[in-house]
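See below for the structure under consideration.
Just so it is clear, none of the values below were taken in a lab; they were calculated from the coordinates. All values reported here derive from a predicted model rather than from experimental measurement.
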Amino acid sequence: MTMQRKSAWLGCSVLFIGFLLAACRLADDMGPVGVLGYNHTDTDISQFLVNGAAGGSFVEAHHEGGTSCCVSIPKNWRSGLTVEVEWTTDLKSYKRRSVVIPEYEPSDGQMVVHFLRNGDMKIFVTSLFPGHPNYPLKGPESSLMRDGSAIGNEWKGKEEEG
């Protein structure tokens, strides 16, 4: 082998190893979080998926679903981070929407998907639950009640008791 070929081979090998190390580093920067859906609408959601996985099955109108495991997200939030949400009300046709994820902390351990009455969708990665004073969804849109009454009132007094 000539010296030029050896140099080219060595250069390609170093470049390839660099790409592999970068890919491993990217994989290490991802972490799993549980997914929980809140349905604020008048229509049952038969199933929803986040990035093609996780989500939940049958989230009754004006209720929360159970937590499903898991979807991978970056451990550290970055600007412009989105997820793809697919959902269906009839298990025949799916709707799809890309949703921006607001800033979160690495210690936040759950992704919550809110299907809102006005047709919007909001997603948060948080360790809090609706009704907590610092929960990111506030005001009338945060209510799961048909009449729009504030969520969290049913817990008032329980914190004082416990």
Using each residue's phi in the range 111-116, evaluate 6.51 cos²θ - 1.76 cosθ + 1.60 at θ = phi - 60° and report the 3J(HN,Hα) Karplus result to the nearest Hz, with x for Gly and Pro. 9, 10, 10, 9, 8, 8
If amide hydrogens are placed 1.01 Å from N in the peptide plane, which non-local residues have theirs closer than 5 Å to the one on T41? H62
